[in-house]
Amino acid sequence: QVQLVESGGGSVQAGGSLTLSCATSGGTIIGRYVMGWYRQAPGKQRELVATITGSGSTDYADSVKGLFTISSGGAKNTVYLQMNSLKPEDTAVYYCYCNVGALWGQGTQVTVSS
């Protein structure tokens, strides 16, 4: 069974950068898929951050446009989220998602201090 495995979360000061990674485990995702990153802050609903299709098309939430970059590469459908100029309001648990099989990763904590 295919699973999504995230890594790269951590703590950083405002203005800093982090890169999250999401790799598949147990198989390869093929076909016309969309992978992306969502985040959920304490007391808030999970929200979409960025998506990327198998053909490389990307989309971003307005709040992260120009600051975050989603990309993909590698043999394991690895998806990256490069986050620059981080703000305290970016603090959340970040989840990787794939529409094929409605897969979710376990989540990785990102904490931005002021």
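Quick look at the values:
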| read-out | value |
| --- | --- |
| Highest average packing first - 42-48, 10-16, 83-89, 93-99, Cβ atoms within 10 Å | 93-99, 83-89, 10-16, 42-48 |
| Residue-normalised accessible area of the stretch 71-114, given per residue in Å² at a 1.4 Å probe | 47 Å² |
| Cα lying deepest toward the dipole's positive end in the stretch 10-114, options Asn84, Thr28, Ala14, charges on Cβ | Thr28 |
| The chain - charge dipole about Cα centre, Lys and Arg +1 at Cβ, Asp and Glu -1, debye rounded to 20 | 120 debye |
| Packing rank of 17-27, 61-71, where each peptide gets the mean count of other beta carbons within 10 Å, highest leading | 17-27, 61-71 |
| The stretch 41-105, accessible surface, carbon-and-sulfur percent (1.4 angstrom probe) | 49 percent |
| J(HN,Hα) series, the stretch 28-38, from Karplus relation 6.51 cos²θ - 1.76 cosθ + 1.60, nearest Hz, glycine and proline x | 10, 8, 10, x, 8, 10, 10, 10, x, 10, 10 |
| Cysteines having no other Cys beta carbon under 4.7 Å from their own, within the chain | Cys98 |
| Estimated FRET transfer efficiency when R0 is 35 angstrom, pair Ser21-Ser114 (beta carbons, to 0.05) | 0.85 |
| Dimensionless Rg ratio for the stretch 60-114, taking C-alpha atoms and the 2.2 N^0.38 Å reference | 1.24 |
| Spacing of the two label points (7 Å from each Cα toward its C-beta) at Thr69 and Glu89, in nm | 2.4 nm |
| Segment Thr58-Asn99, extension gain: residue separation times 0.36 nm, minus the distance between their alpha carbons | 13.3 nm |
| Whole-Hz ³J(HN,Hα) from phi, Karplus 6.51 cos²θ - 1.76 cosθ + 1.60, for the stretch 93-110, glycine and proline x | 8, 9, 10, 8, 9, 9, 5, 6, x, 6, 8, 10, x, 7, x, 9, 7, 10 |
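The values are calculated or read from the model by the stated rules, or taken from the named source; none is laboratory data. Here the structure is a predicted model, which is why all the values come from computation and not from measurement. Using ideal geometry, Cβ is built from the backbone for each residue, glycine included, and neighbour counts are taken over all protein chains shown. Surface accessibility is based on the protein's heavy atoms, side chains included, excluding ligands, DNA and RNA. Shrake-Rupley method; radii C 1.70, N 1.55, O 1.52, S 1.80 Å.
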